[in-house]
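Let me begin by presenting the structure, written as structure tokens, before commenting on it.
The values are calculated or read from the model by the stated rules, or taken from the named source; none is laboratory data. This structure is a prediction, so every number in the text was calculated from the model and none was measured. All Cβ positions, even for glycine, are placed from backbone atoms using ideal geometry, and neighbour counts span all protein chains on display. The accessibility values were calculated without ligands, DNA or RNA, using every heavy atom of the protein model including side chains. Shrake-Rupley method; radii C 1.70, N 1.55, O 1.52, S 1.80 Å.
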Amino acid sequence: MSPVNFYRANIKNNMFTKMLLLFVLITVVTIVSLSYLMYHFLSQSAIRSELDKQHEAVERVERYLNQKYETVHSYLNDIYRSASLSEDISFFLMNNFNEYMAKRIERFTSSATSNSESVLAYFKKYLEDDPDIQNIILYSAEKQYVYVYKQGSMNKLYQANSIRSYIPDAMALETQSVTLPNKWVRKLTGDEELPLYSIRSPINNMRTYKNLGQLLVFFRTEGLRQVLQSYAPNMKGYLLVLTADGQVLYDSSGKYNGKRYPYAEELLNPKQTVELEEESYITSLPHNQGGFTVVGIAPKAQVAASYQGLRDTIILVATICVLIAVILPSLLIVNYSKRTNNIIRFMKKVETGDFVARIQDPKEDQLGQISHSFNEMLNELTRYIDKVYKAEINQKNAELSALQARINPHFLYNTLEVIRMRALSQGARDVGDMIYSLSVLFKNMVQTKERYTLKDELEACRLYLELFRIRYKDKFTYEIHCEPELRNISMIKMSLQPLIENYIVHGLKADRYDNRIVISAVRVGERVRVVVSDNGKGMTTERLADIRERLLAVEATGESFGLRSVKERLKLTYGNDYDMDIESDPELGTTVSIGFLERDKELNGDV
């Protein structure tokens, strides 16, 4: 077959093929577009989440360093506020160490000044209190000596004049507060290999404001690592703490510690992404007073790797959806082709005189309608009879469905709930409450339970009484008392409700405001006794005797049927181990008492 003929036969003149191609095109475009949008949204969400985590880590580290910075400056502030400490540190920095110690001894022996504080003990206490501190260093600009406190070691005094070292020159040139430790000072203290950072503060004379020297505190970077590990253990990339001139105080990756960061100038760019070793997201937080900046750096490639699996999953799902969108319609086209050929085959049978032939195609699409019309054309009478028969079947099914809906409890529950919600929406809250109680009561009545208890029966009574409490508002109250250990004993369903109904129908006085009924369940010896008492109309002696006689009758009559039913079911369940008594006084009320022995076996709630 030539391409032109193939096109005419399978595409141009084939409606289903055209529909298939159009459907596949729309589906593929839709799936690809939605997949792209989903990937874009989820990837941006992952990036925002990672940047939020990075920003949180930067803030935590900055707060940690700021706390150390403020702590160091508080050392001197406390000294300045103390006259004795201020005088002591001034003397210490302006005189030789021997002269200072001699004066300390003199002060100690003097009774008037025996309680004067020592600056040496003052700093030693802070060294012991903060395990992050490696060294506390006091430098005397006047005498050019260095007094070093070292964690876990003895305090030492070093001479550092310009003849012996470059420390005086380095101290004079140092201007930043938070820096890398001076290499000459580190060499002097013997801590050259430890990763440390320094916080410096000048020491001035409070009277003359002359600079006396400097306070240097060397902190271990381990504290920074612990802060970062605690709050952002899975953070992508690394975190830097840079000085104003680009020196690296701390690098979480360990690559640039103690060096100058080669991309410090690029970090001045306020953009979210910067080209460093590779294009990276950055978050920076400068500390103006301390002169340092905390920078979080997350390479885009690392962040993208975190949602690489998401991208692969979306591509896989999109590919499967596209395949399904192509394969399933193709199968439908093949099915339509077979059905079309089947119609043509039956038409040829009719051409040969076979008028009994029928096309078996129950579907209701266009091909199905053609098949049905063809069958009707062959035998109009059969089609008519079949149509009437099917109509009758459908009608019976509809009637059966309607009947089932009427007797289906769930249909009733749903209907009552709709009515209740309608009443509540109209402001009739009491009507809504009554409908709710009725619905729950009905559900308790029709549901089947393996074991029906006294608690269930009392709850049914409560729901029934709640209806009439709402109906009569302030004219009617009820009480239900049950000993806790009796709640789970087996009980016959609907054994108390008829007693309550008798009171509602015959005993309640609508013109009174103190109508009251009390239900009590107690254990008396080995028997369980349930007492229902009210303050209703009561009964005359003759009426009470008549009811007792009816209860003893062999056959139940319409009158007193409820009491008779309760008694018969008690007798069938407990045999002679039950009793039922009725007491009543005119205008005082009626009391019905039921007693029975608790059975170990479970009772069928429908007895």
- Given (1) open to solvent by less than 80 Å² (accessible area, probe 1.4 Å); (2) within 20 Å of residue 59 (Cα to Cα), residue 272 misses just (1)
- Note on the structure: When (1) open to solvent by less than 60 Å² (accessible area, probe 1.4 Å); (2) modelled with pLDDT of 85 or more; (3) among the basic types (Lys, Arg) are applied to residue 564, the one that fails is (2)
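For residues that are of a type in the set (A, V, I, L, M) and touching a helix residue (DSSP H, G or I) at 6+ places or on another chain (Cβ under 9 Å), scanning just the stretch 579-603, find the one that is modelled with the lowest pLDDT.
Applying the first criterion (of a type in the set (A, V, I, L, M)) to the stretch 579-603 yields 580, 582, 588, 592, 594, 597, 603.
Now drop any that are not touching a helix residue (DSSP H, G or I) at 6+ places or on another chain (Cβ under 9 Å), which leaves 580, 582, 592, 594, 597, 603.
Working: 580: 88, 582: 91, 592: 92, 594: 91, 597: 84, 603: 54.
Ranking the qualifying residues of the stretch 579-603, first place goes to 603.
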- Message: When you check residue 271 against the structure, is it of a type in the set (Lys, Arg), on the phi < 0 side of the Ramachandran plot and at pLDDT below 85, yes or no?
- Response: yes
- Selection from the stretch 182-197 of residues in contact with a strand residue (DSSP E or B) (Cβ under 9 Å, 6 or more places away or on another chain) and under 15 Å from residue 160 (Cα atoms) yields 182, 185, 186, 188, 189, 190
- Message: Can you go through 104, 81 and tell me which one is charged (D, E, K, R) and within 60 Å of the chain's Cα centre (by Cα)?
- Response: 81
- Which residues, taken from the stretch 180-194, are free of Cβ contacts under 8 Å to residues at least 40 places away in the same chain and either assigned to a strand (DSSP E or B) or more than 19 Å from residue 157 (Cα to Cα) (or both)? 193
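Return the residues of the stretch 206-233 that are open to solvent by 80 Å² or more (accessible area, probe 1.4 Å) and within 45 Å of the chain's Cα centre (by Cα); say none if nothing qualifies.
Correct list: 225, 226, 229, 230, 231.
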- If you go through the stretch 61-94 one residue at a time, how many are open to solvent by 10 Å² or more (accessible area, probe 1.4 Å), aliphatic (A, V, I, L, M) and either at pLDDT 90 or above or under 13 Å from residue 204 (Cα atoms) (or both)? 1
- Per the filter on the stretch 195-236, residues assigned to a strand (DSSP E or B), within 30 Å of residue 87 (Cβ to Cβ) and among the hydroxyl-bearing types (Ser, Thr, Tyr) are 198, 201
- Item | Filter pass, residue 128 being part of a loop (DSSP other than H, G, I, E, B) and surrounded by fewer than 15 Cβ atoms within 10 Å (Cβ to Cβ) | no
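Consider residue 266 carefully, then state whether it is of a type in the set (D, E, K, R), farther than 27 Å from residue 192 by Cα and either modelled with pLDDT of 85 or more or open to solvent by less than 60 Å² (accessible area, probe 1.4 Å) (or both).
On the way: of a type in the set (D, E, K, R): yes; farther than 27 Å from residue 192 by Cα: yes; either modelled with pLDDT of 85 or more or open to solvent by less than 60 Å² (accessible area, probe 1.4 Å) (or both): no.
Answer is no for this residue.
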- Message: Can you go through 239, 249 and tell me which one is under 22 Å from residue 218 (Cβ atoms), out of contact with any helix residue (DSSP H, G or I) (no Cβ under 7 Å at 6 or more places or on another chain), part of a strand (DSSP E or B) and in contact (Cβ under 8 Å) with a residue 12 or more places away in the chain?
- Response: 249
